[in-house]
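To start, the structure under review is shown below, and the notes come after it.
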Amino acid sequence: MQRVARASGGFAYLWTLMLVALMGTALAIGGELYATAARRDKEAQLLFIGHEFRQALGRYLQAQGSGGMAQYPLTLDELLQDPRFPGAKRHLRRLYADPITGQPEWGLVRLQGRIVGIHSLSEQRPIKQGNFLDDDRGFNGKGRYADWVFTYPSDLHTGPQAAPPPGMARNPMTGN
């Protein structure tokens, strides 16, 4: 009788070890799936926020203030409170933080000292590499989030010979 009890006790120990190993593997796979889903969510947030900034830059450009000339903002804060108007004129509700880095800083794309676009400062490789909206088609195959540049108009930064928007003259010395 004693031999049977010892033999079954050894099998129970082996089954317990196998169960622990399987649980560890399942947790590792689950953790990887969660991390990937979290990165995809942050990418979706970056695209949403980038579109918000793009639209705000477009509204700012089209809202000709007291000077009557179409121009881009000098700072991102001008999207919150347009200084060209005496009353409260908002083009953006709030300044969003970069969802990839978690920081409030953005890379700024400037033309003649004025902000024409923004981009993330992250050097990470994006998961999404294709199937972007038409305005974001320049993001296809980009190697890092910092290459996802949101300008108004959307092809200002990516177009080979993009013409400046109305009211913005091209500098013949720099091509900008």
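Could you say which residue among A37, A5, A44, A26 is of a type in the set (G, A, S), out of contact with any helix residue (DSSP H, G or I) (no Cβ under 6 Å at 6 or more places or on another chain) and modelled with pLDDT under 90?
A5
Checking D82 against (1) modelled with pLDDT under 90; (2) out of contact with any helix residue (DSSP H, G or I) (no Cβ under 9 Å at 6 or more places or on another chain); (3) surrounded by 12 or more Cβ atoms within 10 Å (Cβ to Cβ): exactly one of these is not met. Which one?
(2)
Taking the stretch 111-146 on its own, how many of its residues are surrounded by 15 or more Cβ atoms within 10 Å (Cβ to Cβ) and outside any loop (DSSP other than H, G, I, E, B)?
Count: 13.
Keeping to the stretch 100-136, report how many residues are touching a Lys or Arg at 6+ places or on another chain (Cβ under 9 Å), closer than 18 Å to Q55 by Cα and not hydrophobic (A, V, I, L, M, F, W, C).
3
Can we say Q64 is in a loop (DSSP other than H, G, I, E, B), at pLDDT below 90 and surrounded by fewer than 16 Cβ atoms within 10 Å (Cβ to Cβ)?
Yes; evaluated as a whole, the condition is true for this residue.
The values are calculated or read from the model by the stated rules, or taken from the named source; none is laboratory data. This one's a predicted model, so the numbers in the text were calculated from it and none came from an experiment. Here the Cβ is made from the backbone with ideal geometry for all residues, glycine too, and neighbour counts use every protein chain on show.
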